[in-house]
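**Q** Dropping a structure here in C-alpha cells format, bear with me for questions.
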Amino acid sequence: MDRILIFGMTETPGGVESVLLNYYRNIDRTKLQFDFLCNFHKPAAYEEELMKLGGHVYHITARSENRRKYEEELEEFFKETKGIYRVIWVNVCSLANIDYLKYAKKYGISRRIIHSHNSENMDGFLRGLLHRWNRERIEVYATDFWACSEKAADWFYKDRQKPKVHLINNAIKVENYAFSLKRREEIRERLQWKHNYVIGNIGRLHFQKNQEFILDIFAILVRRAPAFRLVFVGGGEDEKKLRQKASDYGISEYIFWAGVQKDIRGWLSAFDLFLFPSLFEGQSVVALEAQANGLMTLASEGVISEEVWMNENFHFMSLSYSAEEWAERIMELRKGPQERIPYEVIRPKFQKRGYDITVEAFLIEQELLK
C-alpha cells in the first residue's frame, strides 16, 4: 500500500479541503492512504474524519509565525519520514511558498505534484511577486503539473509548462447534495422564513467571494420587496466588515449568518436562489454542489468557469453590471419557473462531464499509483 503525502488542508472547510476529502473518501484505501502535512497547530478541517479514514495529520509552525522554527520543523519532518513517501501532492492557490516541494526533492520523494486551485492572486502584493518568481523555476522542484481548470492552469504555469498540465476535476458525490424537502422545511421553519424568498451564499467570507457586492444587491431587493431574506454560510476574515456594512444599510434583520456548516445539502435545499458573484475562482466546488441540488443560481460571467455549467437554471451575469441591474435580474428570475432540476436528470450530467466522484476517484487513484 502506498502512502501519499498531501499539503493543502487548512483550518477552515472550503473548496480545496472538500476536494481532498471527497477523493480520500472514495479511493480504494487498501491500495492508497493519504497523510496530511499542515503548517498550523490548530485542528485541520475534517481532521477527525481524516484520521478515521486511516490518515496521519502532521502539524508544523507556520512560516509567517516563526520563519526559523518553521524551517527547522519542516526539515525535521522530511528527515524523519525519508523513505516513507514516493509521492507528495501539493495543493495551493499560489506559488508564493514552494518549500514543501524543495524539501521533498532534497529528501528523495521522486514524484512531486503541484496542483493549482485558483485563477488569480488572492493574497497581497508581496506574495504575488513571490508567485511570479517561483513560477519561473517551478520545474526545478515539481515533476507533475496539475490544475483544476484551464483558468487555474493559465494563472499558475508558463506557456512552456502548459503542455504538461493535467486537469483534475473537482468532483463531488452528487447524491450527497440532492434536494431534500424535509431539510428545506426544517431550516426555513427554524428561521421562521417559511414563506420568504431566500437567497444564499456559501463560501469563505473573503474579498474573493465578493460578499460586499451581495449586500449591495440585497439592500436594493429588500427595499423593493421586504419578503427577501439572505443567508451567508461560512466564516472568514471579512465577517466583521460585512456585518457592519449590513448594519449601515439597515438590513441586518433580514440576514442570517450561519457560520461554518456541515449540512451543505440542507442549506442548499433551504435556498430559493444561490447568489455567487465571485471575483475569481479556480473551479468552484460549491457551484457544482448547488447544481447537484438542482438550485437556481446566478453567478459571475467569465469568472465561474463554464466547464462546470450543467443545469439550465444556472445563470451568468457580468460583474460589469451594477448592483441595481443584478437586483433587477433576480427579480426577473423570481417571477419565472422555480422548480428544481430533478436528481435523475442531474446525475447523468455529472457522470458524463467528469464531476461524479465515484468515477473520478478511480481515475486519480490510478494516476497516483503510477
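**Q** Show me, bin by bin at 20 Å from 0, the whole-percent P(r) of the chain based on Cα pairs.
**A** 28, 56, 16, 0
**Q** Given N residues in region 1-153, what is Rg(Cα) / (2.2 N^0.38 Å)?
**A** Expressed relative to 2.2 N^0.38 Å, the Cα Rg reads 1.00.
**Q** If amide H atoms are built 1.01 Å from N in the plane of the peptide, which residues on other chains or at least 5 residues away come under 5 Å of the amide H of residue 92?
**A** For residue 92, the qualifying residues are 115, 117.
**Q** Using Cβ counts within 10 Å as a stand-in for footprinting exposure, how do 115, 59, 195 rank, fewest first?
**A** The fewest-first ordering by Cβ neighbours comes to 195, 59, 115.
**Q** Using only Cα atoms, tell me the angle between helix 239-249 and the longest principal axis of the chain; keep it within 0 to 90° and round to the nearest 10.
**A** Its long axis makes an angle of about 20 degrees.
**Q** Among 284, 18, which comes first, second and so on when ranked by fewest other beta-carbon atoms within 10 Å?
**A** Least to most surrounded, the residues fall as 18, 284.
**Q** Still on this structure, please answer the following. May I have the pair-distance distribution P(r) for region 174-351, computed from all Cα-Cα distances with 10 Å bins from 0 and rounded to whole percent?
**A** 10, 41, 40, 9, 0
**Q** Can you pull the one-decimal nm distance between simple spin-label points at residue 207 and residue 312, each 7 Å off the Cα toward Cβ?
**A** It is 4.0 nm.
**Q** For a Förster distance of 25 Å, can you work out the FRET efficiency between the beta-carbons of residue 31 and residue 166, rounded to the nearest 0.05? All intermediate terms of the calculation are to be shown ahead of the outcome.
**A** Working: r = 20 Å, r/R0 = 0.79.
Computed FRET efficiency for residue 31 and residue 166: 0.80.
**Q** Apply the Kirkwood formula to region 87-187: the hydrodynamic radius equals the inverse of the mean of 1/r over all pairs of different alpha-carbon atoms; give it in Å with one decimal.
**A** 15.1
**Q** Quote the FRET efficiency, to the nearest 0.05, computed for residue 247 versus residue 129 with a Förster distance R0 of 35 Å and r equal to the Cβ-Cβ distance.
**A** Step by step, r from the Cβ atoms, then E = 0.45.
**Q** A follow-up question, please. Pop the C-beta distance of residue 328 and residue 237 into the FRET formula with R0 = 30 Å and round what comes out to the nearest 0.05.
**A** Calculated transfer efficiency: 0.45.
**Q** Using the Karplus equation 6.51 cos²θ - 1.76 cosθ + 1.60 (θ = phi - 60°), what ³J(HN,Hα) coupling, rounded to whole Hz, does each residue of region 266-272 give in order, writing x for Gly and Pro?
**A** Rounded to whole hertz, the list is x, 5, 4, 5, 6, 7, 9.
**Q** In whole Hz, what ³J(HN,Hα) sequence does region 340-345 give by Karplus (6.51, -1.76, 1.60; θ = phi - 60°), x for Gly and Pro?
**A** Karplus values, whole Hz, x for Gly and Pro: 6, 5, x, 4, 5, 8.
**Q** Here is a further query. Using alpha-carbon positions, what is the distance between the centroids of region 99-141 and region 280-327, in Å?
**A** 29
**Q** For each of 6, 346, count neighbouring Cβ atoms within 10 Å of the residue's Cβ, then give the residues from fewest to most.
**A** Lowest count first: 346, 6.
Where a number appears in this text, it was derived from the coordinates with a stated rule and is not lab data. Nothing here was measured: the structure is a model prediction, and the numbers come from that model. As a convention, Cβ positions derive from the backbone with ideal geometry for all residues, glycine included, and neighbour counts pool all protein chains shown.
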